[in-house]
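Report on the structure given below.
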Amino acid sequence: MPDEKIGILRGLVLSFIIIILDQITKTYAAQELMLGESLPVFSWLNITLLHNTGAAFSFLSEAGGWQRLFFIVLASVVSLFILVWMYSLTEKKKWLFFALAFVLGGALGNLWDRVILGYVIDFIDVSLSFLPWRIFNPWPAFNIADSAIFIGAVMLIIDAIWLDDSENES
């Protein structure tokens with residue numbers, strides 16, 4: 001197998017691990033908690049079972065149902081785009097490649113929920129009550145897939161702003 005194909009397999013393995021961890025943790029939260037129930041872990045962290053029919057920060061969650069198909073199609077198209085992009089990258093672009101693998105794993109983890117359940121299970125509830133201001137009240141819960149998408153997005157920003165091809169090698 002050519003070296004570049006080994007690289008794509010590594011990225012797909014990372015995405016698969018993210019999907020598995022996401023689904024295991026969502027299943028655990030759904031089995032252990034009732035909808036809306038909260039389990040304190042630390043003063044700033046709760047496990048709170050929520051069903052999100054919208055997108056990030058529950059955007060469009062009250063849209064009446066059409067958003068499910070919209071987000072399924074959107075996640076599917078974005079995932080295919082990411083796969084093609086990952087396949088086209090050279091070995092020099094490892095940072096970008098793994099950033100895309102994080103986003104892909106997160107997108108597919110949430111896509112699975114939307115297709116099977118009709119909503120995304122969120123359960124990680126971080127309290128930011130120590131801040132003097134609140135953007136969202138209450139602060140929205142999230143999951144492992146959301147975290148992977150966030151990490152991948154930050155990596156993409158770093159890649160776009162600070163890394164050139166020579167810094168992207170490892």
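The values are calculated or read from the model by the stated rules, or taken from the named source; none is laboratory data. Not measured: the values here are computed from a predicted model. Cβ: placed from backbone, ideal geometry, glycine included. Neighbour counts: every protein chain shown.
Residue check: is Val77 at pLDDT 95 or above and more than 14 Å from the chain's Cα centre (by Cα)?
Numbers: at pLDDT 95 or above: yes; more than 14 Å from the chain's Cα centre (by Cα): yes.
The answer is yes for Val77.
Looking at region 50-58, is at least one residue part of a helix (DSSP H, G or I) and modelled with pLDDT of 90 or more?
No.
Looking at region 86-128 only, could you name the residues that are over 25 Å from Leu9 (Cα atoms), in contact with a Leu (Cβ under 6 Å, 6 or more places away or on another chain) and among the aromatic types (Phe, Trp, Tyr)?
Phe123
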